[in-house]
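FYI, it's all coordinate maths here, none of it is from the lab. Keep in mind that what you see is a predicted model, and the values were worked out from it rather than measured. Note: ideal-geometry Cβ built from the backbone for every residue, glycine included; neighbour counts use all protein chains shown.
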Amino acid sequence: MIRTVTPGDLWLLRRKPRYQQVLYTERLLAYSHRPLWFALQSMLAGNHRERTTLVLAEGGGFALAQAMGRRGRPEQDVIYLATNGTRSEHTPSDYELWFHLLHQLCANAAHHSVQRLYAALPCQHNELREIFRQVGFQAYTHRHLFHLSGPDWDQGTRLAPMRVQARRDHWAIHKLYGMATPHLVQQAEVYNARHWTLHQAYSLVRRQAWVLGPDDDLVAYLRLLSGPNGHVFSLLIRPDEREQAVDVLRFGLAQLSDSRPVYLLLREYQQELFEPAMRLGFQPVGEQTLLVKHMVMPIRRAVLAPSLEVGLEPRVSVRRYVLPPTAREEC
């Protein structure tokens, strides 16, 4: 039986899971995921759009699925799958339990008016990807994770003259995103100009961003998420200005003042930036397949043209005014 998390499940979550899979998002790289604390928050908040925790207990098996909402958008990220308890011949496999949980997670998301579900799967887990495919998820791009662990072979000292992102830059950043991103990815992510707003609400994850270029024609956009576990950079740069990628990244590294791990996220259509990043000391440590499941679909219906519709007829007669005869008419 699949249900939402209850107080009795919290004791089981304290134990080490038999098998778990963390689907790392940009936020989870900066702030580690704690399933027990997340489940407690989900239970207290009522498992709404912001946090959802579902539990499946069947035949001695115990499985868990968690999804996190995106701030200000009708979307969720599947971030955690786990199984607990001992394994027996009569117990369903872990992937079978996760399949049923994901199916119910989609139904629960639709109940809370979630329009899109996302998941970032490690590329080496083909079985897990097949489960998501059967539920209805589709891949739209790949993301490469780089970790700053090597020496700076470039040995340069020049920094890009970037400035802090302002409110007036939202539309220009969105235009830059449209220039640097394939249409298939844009259709999957459905971003608008408001997406680039920096929400500075109380959180353990701090967001910063810088832009390069004039207000109406930006050259580059650099975003930084900082949390207890590290710093995460993401980069947008105009295709004809990719030679400035090293200076832009060096500017971002100059803003850091601690020794926490530093990560860089680049997608497969940004392969021209891989070599400049590695010259600065970033080394590839992982690759993810980004999946999306659309919970809504457009519906076409016939609409009558206004010229063919029957209009309203006035019921009040229009008063008629008669002008008095002129002098020539009297003669």
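Couple of notes before you dig in:
- Kyte-Doolittle mean at least -1.0, axial Cα span of 20 Å or more - DSSP H helices of the chain: 94-111
- Computing FRET efficiency as 1/(1 + (r/R0)^6) for residue 45 and residue 164, where r is the C-beta to C-beta distance and R0 is 56 Å, gives about 0.95.
- Residue with peak Gaussian network fluctuation, the chain [Cα springs, cutoff 10 Å], from 138, 288, 187: 187
- Computed from the alpha carbon atoms alone, the convex hull of the range 2-136 holds 109 Å³ per residue.
- From the coordinates shown, Rg/Rh (Cα atoms, Kirkwood Rh) corresponds to which of [x] 0.98; [y] 1.19; [z] 1.39: [y]
- Sparsely packed loop sites in the range 14-113 (the GluC sites (Glu not before Pro) outside DSSP H, G, I, E and B with at most 16 other Cβ atoms within 10 Å) comprise 50, 89.
- Spacing of the two label points (7 Å from each Cα toward its C-beta) at residue 87 and residue 58, in nm: 1.8
- Projecting the Cα atoms of 161, 191, 277 onto the charge dipole of the range 144-285 (Cβ charges, centred on the Cα centre) puts 191 farthest toward the positive pole.
- Taking 0.36 nm per residue of separation and subtracting the current Cα-Cα distance, fully stretching the chain between residue 32 and residue 113 would add 26.4 nm.
- Under DSSP loop assignment and at most 11 Cβ neighbours within 10 Å, longest chymotrypsin sites (Phe, Trp or Tyr not before Pro)-free interval of the chain: 1-152
- Inter-probe distance in nm under a simple model that places probes 7 Å from Cα toward Cβ, at residue 11 and residue 183: 5.8
- Long-range HN-HN contacts of residue 23 with modeled amide H, under 5 Å: 80, 81
- Computed [θ] at 222 nm, helices only, for the chain once each DSSP H run of length n ≥ 4 contributes -39500 (n - 2.57): -7500 deg cm²/dmol
- Check: the chain dipole with +1 on Lys, Arg Cβ and -1 on Asp, Glu Cβ, in debye: 980
- Most mobile of 284, 92, 298 in a GNM of the chain (Cα contacts under 10 Å): 298
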